[in-house]
Each structure stands twice: as C-alpha cells, then as structure tokens.
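The values are calculated or read from the model by the stated rules, or taken from the named source; none is laboratory data. Note that the coordinates shown come from a computational prediction; the quantities given were computed from them, not determined experimentally. Heads up, the Cβs are rebuilt from the backbone with ideal geometry, glycines too, and the neighbour counts pull from every protein chain shown. The accessibility values were calculated without ligands, DNA or RNA, using every heavy atom of the protein model including side chains. Shrake-Rupley method; radii C 1.70, N 1.55, O 1.52, S 1.80 Å.
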Amino acid sequence: MSILAAAALGGITGAAGAQGDTVKIGVILPMTGPSASTGKQIDAAIKLWIAQNGNKAGGKRVEVIVKDDAGVADTTRRLAQELVVNDKVVALAGFGLTPLALATAPIATQSKTPMVVMAAATSSITEASPFITRTSFTLPQVTLGLADWAAKNKIKKVVSLVTDYGPGNDAEKYFAERFTLDGGSVLEKLRTPLRGADFAPVLQKVRDLSPDALFVFLPSGQGATFMKQFAERGLDKAGIKLIATGDVTDDDQLNDMGDVALGIVTSHHYSASHDSPANKKFVAAFEAANKFRPNFMAVAGYDGMRLIYTGLNGSKGQGGEALMNAMKGQIFESPRGPVLIDAQTREIVQDIYTRKVERVNGQLYNVEFDVQKAVKDPAKNRK
Ligand code: DHB
C-alpha cells in the first residue's frame with residue numbers, strides 16, 4: 001500500500017508524530033553489507049548521545065528505533081514507510097548512501113516527516129524535499145579548498161578518480177572546475193563502480209598518464225582497499241602525489257593503512273584529531289564506549305541527535321513542520337567545530353580543514369593545518 005493510501009484509510013499522517021508521552025525517532029542505516037562501517041559508526045554515536053543526554057526531549061520520552069537497510073534503496077524506502085505509518089515516528093534519520101536518502105525523500109514530503117541525513121553527501125539531496133536537513137557535508141563543500149591547495153602547491157596536472165554515482169559526480173565536477181580556474185589541468189576523469197570496485201585497471205591508467213597528482217573521492221569504507229592497491233602498483237614510488245577528500249583517509253580505517261598513507265593531503269570537515277576541548281571530550285567518550293575511533297560519520301550521527309533533541313525542545317515535542325522549523329537556523333559547537341543549519345537551504349554550514357596524514361604518538365591521524373571558515377555548499381550558492 002502506498003503511504004498516501006495508508007494515510008487515507010487510517011487517517012494517519014506522519015506529522016502527527018508525537019503520540020502521548022513518547023516520541024519515536026526512526027533511524028535507517030546500513031548495519032550490514034559494504035557500507036556497514038557507516039552504520040556501525042552512526043549507531044555508536046547515537047547511543048553515546050543518549051547515554052550522555054538522556055532519553056527526554058521536548059517534554060517527551062524519546063525512543064530510537066534502528067533499522068538495517070543493508071545499503072539497498074528499496075529496503076530503505078520500505079522501512080521508512082513502515083516507520084512513518086506503523087510506528088508514527090516524529091523524525092527519520094540516518095541514510096548511509098545518496099540513493100538511500102533520495103529513495104526516502106518523497107515519503108518525507110508526503111507525510112511531512114522531518115528527515116535528518118547523517119551520512120549521504122550529494123549536494124542535491126536537501127533539494128529533494130523541504131523536510132530534509134543534513135548534518136554530514138556536501139562534496140562540493142569539501143572539494144573546492146583542496147583544488148585551491150593543489151594549485152598553490154606546484155600541482156599542475158591531475159587525473160581524477162571517483163566512484164560513479166552522486167557524490168562522485170559532484171567531487172569530479174567541482175574539483176575540475178575550480179582547479180582549471182586556478183590554472184591547472186585535469187588530464188582524465190576516471191570512475192569506478194559503487195559495488196565491487198577493482199582499482200587495478202584505473203591505477204594502471206593513472207601510472208601511464210603520469211600526472212603530478214591523483215585526486216580521489218571514494219565513499220567511506222573503500223579507502224583501505226584503494227590504498228593497498230595504490231601501493232601494490234607502486235604509484236607512491238612513481239612520484240604521483242595522492243590528494244583526496246577525507247572519505248579516503250577515513251578515521252575508521254586510517255590507522256590500519258600503514259606508512260603508504262603518510263603525507264596524503266585531504267580536505268574534509270572532521271578529523272578525530274581536531275584540536276578542541278569539545279572534540280577531545282567526544283573522542284575520549286566514544287573510544288571508551290566502543291574501542292574504535294569515531295570518524296566523520298559518527299560526528300554527523302551525534303550532531304544529528306543534537307539537532308533533533310534541540311528541535312523537539314523548540315517544538316515542545318511536536319513533529320511535522322513545527323519540528324522542521326525548530327531545526328532550521330540552529331547554531332552549535334560540534335566536535336568538528338562551529339556549525340549552522342542554514343534556515344533557507346536546510347544545509348549544514350561548517351569549517352573545512354586541509355589536513356595531512358601524520359604519525360602522532362604511534363597512530364596515523366589526519367592532522368589539520370589550514371581552515372576555511374563557515375563554508376556553505378557552493379552548489380546552492382551559485383543558483
Ligand atoms: C556518500 C557516502 C559516503 O560513505 C561518503 O563518504 C560520502 C558520500 C554518499 O553516498 O552520499
């Protein structure tokens with residue numbers, strides 16, 4: 001049954017949301033499958049938020065329901081529908097990959113259920129429904145600074161390599177546009193599939209093209225395999241510099257990549273080594289609870305919970321438009337640094353850091369060495 005048919009029959013609307021003294025938050029994550037590390041990180045961060053902040057918001061008891069979509073869009077859509085119609089959730093959250101967020105957008109719109117995207121990062125997602133907001137990032141947002149850094153650091157010829165779907169398209173396009181404006185040239189734009197990527201053929205191509213640098217975007221979870229093949233093909237020894245979005249030197253995998261990762265320059269919105277009291281506290285509590293390091297997915301899950309809790313406080317526990325409006329314009333100090341939810345675009349505005357992989361106390365970290373303050377998603381700014 002479609003969600004509209006269900007609503008007509010039962011008089012159900014997602015906007016009802018708050019039922020009595022309890023509000024439910026429906027979290028859909030890839031807990032299994034190729035993106036399981038995203039689910040693991042966000043789930044752990046949500047649990048940490050609740051352990052630290054309790055289970056009350058907006059005068060109601062908060063219940064979080066976590067569902068596993070295994071990274072399959074049809075499953076995400078079905079689970080979202082069930083959470084809205086049967087569980088009457090006040091908000092949907094999670095969304096490990098772009099296709100999963102886009103598959104759910106019509107449900108958010110039809111049922112007026114706020115949807116907090118904690119992982120997916122294609123720019124257009126927040127335009128797919130007026131009920132979508134985001135605590136992760138966008139690829140255009142984190143890519144422009146890296147193109148500028150490359151052009152200023154004697155890199156003239158680049159080959160780009162991205163995963164062939166939404167965020168990869170964004171990264172490829174925004175890197176090439178900016179780097180070309182900066183006077184550089186992109187020799188070739190290579191792509192690998194989202195599922196079952198084999199990097200050997202493209203890496204051979206990169207070797208043959210012999211650029212000054214290879215620019216890479218891959219979704220969280222693929223970085224370690226890529227780095228292994230990069231080293232096996234001897235690209236590090238061939239003098240081809242690797243530059244990437246921080247998804248590649250993901251804190252979830254970075255420490256296991258070994259010396260081949262040393263010196264890689266990336267740009268992103270979060271590093272576990274970000275030097276602030278708020279982050280030190282977050283990382284210490286997260287590691288104590290989980291025995292693994294938080295990555296950029298975890299911080300977005302944690303901040304997403306803050307956004308929903310503060311929103312519920314503002315809406316006095318109501319869902320629908322009241323909750324959506326209360327989430328717009330929020331400003332807070334995240335473990336990543338200061339963030340704002342832009343009231344017009346519902347998009348996150350945040351500091352973007354340029355970082356280099358270094359060994360610190362025996363562990364590999366993305367050490368931040370430069371920052372652009374309060375970066376908006378450039379894809380929306382120019383419209
Ligand atoms: C997306 C997923 C990721 O794991 C990531 O690091 C960036 C973007 C996405 O599907 O939008």
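To the nearest ten degrees, helix 200-209 and the longest principal axis of the Cα atoms of the chain are 50 degrees apart. Dipole of the stretch 139-237 computed with +1 at Lys/Arg Cβ and -1 at Asp/Glu Cβ about the Cα centre; of TYR165, VAL206, THR192, farthest Cα towards the positive end is VAL206. In a fully extended conformation the segment linking ASP87 and GLN372 would gain 98.4 nm over its present Cα-Cα distance, using 0.36 nm per residue. Distances between placed amide hydrogens fall under 5 Å for THR354 paired with PHE369, ASP370, VAL371, GLN372, all partners being 5 or more residues away or on another chain.
Near SER35: Cβ cut-off under 15 Å, other residues only, Lys/Arg at +1 and Asp/Glu at -1. The net charge is -3.
The stretch 60-87 and the stretch 133-190 have Cα centres lying 34 Å from one another. Applying the Karplus relation 6.51 cos²θ - 1.76 cosθ + 1.60 with θ = phi - 60° to the stretch 296-309 yields 3J(HN,Hα) values of 5, 5, 4, 5, 6, x, 5, 5, x, 5, 4, 4, 5, 4 Hz, where x marks Gly and Pro.
Our helix-only sum for the chain, with -39,500 (n - 2.57) per DSSP H run of n ≥ 4 divided by its residues, gives a mean residue ellipticity at 222 nm of -12000 deg cm²/dmol. Between ALA101, ALA213, ALA120, the Gaussian network model of the chain with springs among Cα atoms under 10 angstrom shows the greatest mean-square fluctuation at ALA213.
Measuring only protein heavy atoms, the 1.4 Å probe finds PHE369 accessible over about 100 Å². MET227 sits among other residues whose Cβ lies under 12 Å from its own Cβ, and their net charge, with Lys and Arg +1 and Asp and Glu -1, is -3. If the chain linking GLU63 and LEU340 were pulled fully straight, counting 0.36 nm for each residue of separation and taking away their Cα-Cα distance, it would gain 97.1 nm.
Taking only protein heavy atoms and a 1.4 Å probe, the accessible area of the chain is 51% carbon and sulfur. In this structure, GLU287 and SER185 have a Cβ-Cβ separation that, at R0 = 51 Å, corresponds to a calculated FRET efficiency of about 0.75. Residues in the stretch 76-99, backbone N under 15 Å from the label point at THR32 (7 Å along the Cα-to-beta-carbon vector): list them, ranges by number please. Correct set: 76. Summing Lys and Arg as +1 and Asp and Glu as -1 over all other residues whose Cβ lies under 12 Å from the Cβ of THR163 gives a net charge of -2. Annotation: extensible slack from ASP21 through LYS237 equals 71.6 nm (criterion: 0.36 nm per residue apart, minus Cα-Cα distance).
Within the full protein context, the accessible area of SER160 is estimated at about 0 Å² for a probe radius of 1.4 Å.
Ranked from largest to smallest solvent-accessible area, with a 1.4 Å probe on the protein heavy atoms, LYS152, LYS241 come out as LYS152, LYS241. Pairs spanning more than 19 Å between alpha-carbon atoms, out of LYS24/LYS112; LYS47/LYS328; LYS241/LYS356; LYS152/LYS356; LYS60/LYS328; LYS60/LYS88: LYS47/LYS328; LYS60/LYS328.
Rounded to 0.05, the FRET efficiency of the SER210 and ASN361 pair, given R0 = 45 Å and the Cβ-Cβ distance, is 0.80.
Between VAL64 and ILE25, the built amide H atoms are under 5 Å apart, and every one of these is 5 or more places off in sequence or on another chain. Highest-first packing order for the peptide set 190-201, 255-266, 22-33, 135-146 is 135-146, 22-33, 255-266, 190-201, based on the mean count of other beta carbon atoms within 10 Å.
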